[in-house]
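Q: Could you have a look at this structure, given as structure tokens, before my questions?
The values are calculated or read from the model by the stated rules, or taken from the named source; none is laboratory data. Because the structure is predicted, anything quoted here is derived from the model rather than measured. Glycine gets a Cβ as well: all are built from the backbone with ideal geometry, and neighbour counts include every protein chain shown.
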Amino acid sequence: MTKVLGLTGGIAAGKTAVGQLFQARGAVLIDADQVARQVVQKSQPGLAEIVALFGTTILNAAGELDRSKLGRLVFSDSSQLNRLNAVIQPRIRQEIINQSAAYRAQGYPLVVVMIPLLYEMNYETICDAVLDVDIPLELQVKRVMMRDHLTIDEAKQRITAQLSREQRLSRADFILDTSGNLLQLQENFDELWDRDDFQTFLMS
């Protein structure tokens, strides 16, 4: 029986690295960020809808979505972010549902759906359980600044646009500490995988 595990956490918390560890254990991974890129490609109607909302200034010279420009626009204004989500999230959700159903039909034992806005967009309803990857706020700010080349204020804007750490942790079925180095992450992941409650989830 296929199990669908939602993988979430704050921005720059280490979701991608954890997703790769699940793949190494034989899970199939659906990455919502990749799906989001697919649905706004130049040939897709999702891009036309975004341009209709925000204008052509969010396009690059090739007529493709400039994610940096769009990010600066929506993460500084919650109303703009809500407008974007209203357009794009239904398309992302449907594609994730389609992919999950296809993997279920193929009999994969574990499908991991990596979704940054899992709780905000109510993806709990399509998951059998949720794992939250967790790091302290101070470390998260540093990682966002380094990864995305942002100022401290821009990094904090990206973080506060998501559900708070406390809210995520209170709703998660499983929590994984991702604040250490890659070796520590592997050790923490292995401990989680071998835990009785996680094995019960996989086998039930």
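Q: State which residue is surrounded by the most Cβ atoms within 10 Å (Cβ to Cβ) when the search covers only the range 17-72 and only residues that are closer than 30 Å to Val133 by Cβ and polar (S, T, N, Q).
A: Among them, the one singled out is Gln44.
Q: Checking Ala105 against (1) farther than 29 Å from Asp77 by Cβ; (2) touching a strand residue (DSSP E or B) at 6+ places or on another chain (Cβ under 8 Å): exactly one of these is not met. Which one?
A: (2)
Q: So the check is Cβ under 7 Å with 6+ separation or different chains; which pairs have a first residue in the range 49-74 that's among the hydroxyl-bearing types (Ser, Thr, Tyr) and a second one that's assigned to a helix (DSSP H, G or I)?
A: So the pair list comes out as Thr57/Lys69.
Q: Sort out which residues of the range 1-22 are in a helix (DSSP H, G or I) and either in contact (Cβ under 8 Å) with a residue 60 or more places away in the chain or under 10 Å from the mean Cα position of the chain (by Cα) (or both), and write them in order of number.
A: Correct list: Lys15, Thr16, Ala17, Val18, Gly19, Leu21, Phe22.
Q: Say we look at the range 142-151 and pick out the residues that are assigned to a loop (DSSP other than H, G, I, E, B) and in contact with a helix residue (DSSP H, G or I) (Cβ under 9 Å, 6 or more places away or on another chain); which of these is surrounded by the most Cβ atoms within 10 Å (Cβ to Cβ)?
A: Leu150
Q: Would it be correct to say that Phe54 is within 17 Å of Leu117 (Cα to Cα) and out of contact with any strand residue (DSSP E or B) (no Cβ under 8 Å at 6 or more places or on another chain)?
A: no
Q: Filter the range 103-140 down to residues that are of a type in the set (Phe, Trp, Tyr) and in contact with a helix residue (DSSP H, G or I) (Cβ under 8 Å, 6 or more places away or on another chain) and give me whichever is surrounded by the fewest Cβ atoms within 10 Å (Cβ to Cβ).
A: Among those that are of a type in the set (Phe, Trp, Tyr) and in contact with a helix residue (DSSP H, G or I) (Cβ under 8 Å, 6 or more places away or on another chain), it is Tyr119.
Q: Quick one: Leu163 ticks every box in (1) at pLDDT below 95; (2) assigned to a helix (DSSP H, G or I) except a single one, so which number is it?
A: (2)
Q: Answer yes or no as to whether Ser100 is in a helix (DSSP H, G or I), small (Gly, Ala, Ser) and surrounded by 18 or more Cβ atoms within 10 Å (Cβ to Cβ).
A: Considered against the rule, which asks whether it is in a helix (DSSP H, G or I), small (Gly, Ala, Ser) and surrounded by 18 or more Cβ atoms within 10 Å (Cβ to Cβ), Ser100 comes out as yes.
Q: Among the residues of the range 75-97, write down those that are among the aliphatic types (A, V, I, L, M), free of Cβ contacts under 8 Å to residues at least 60 places away in the same chain and surrounded by 12 or more Cβ atoms within 10 Å (Cβ to Cβ).
A: Leu84, Val87, Ile88, Ile97
Q: What are the pairs, 6+ residues apart or on separate chains, where a residue within the range 170-188 that is touching a residue at least 24 places away in the same chain (Cβ under 8 Å) has its Cβ under 7 Å from a residue that is assigned to a loop (DSSP other than H, G, I, E, B)?
A: Final answer for the pair search is Arg171/Tyr119; Thr178/Ala13; Thr178/Gly14; Thr178/Ile135; Ser179/Ile135; Ser179/Pro136; Leu185/Gly14; Leu185/Thr178.
Q: Taking the criterion of being hydrophobic (A, V, I, L, M, F, W, C), in a helix (DSSP H, G or I), over 30 Å from Trp193 (Cβ atoms) and without any contact (Cβ under 8 Å) to a residue 60 or more places away in the chain, would at least one residue in the range 32-48 satisfy it?
A: Checked against the condition, which is being hydrophobic (A, V, I, L, M, F, W, C), in a helix (DSSP H, G or I), over 30 Å from Trp193 (Cβ atoms) and without any contact (Cβ under 8 Å) to a residue 60 or more places away in the chain, the range 32-48 yields at least one hit.
Q: Does Ala48 fit the bill of being over 22 Å from the mean Cα position of the chain (by Cα), hydrophobic (A, V, I, L, M, F, W, C) and more than 30 Å from Glu138 (Cβ to Cβ)?
A: In short, yes.
Q: Now a separate question. Can you give me the number of residues within the range 111-141 that are under 18 Å from Arg91 (Cα atoms) and not in a loop (DSSP other than H, G, I, E, B)?
A: The number of residues fulfilling the criteria is 6.
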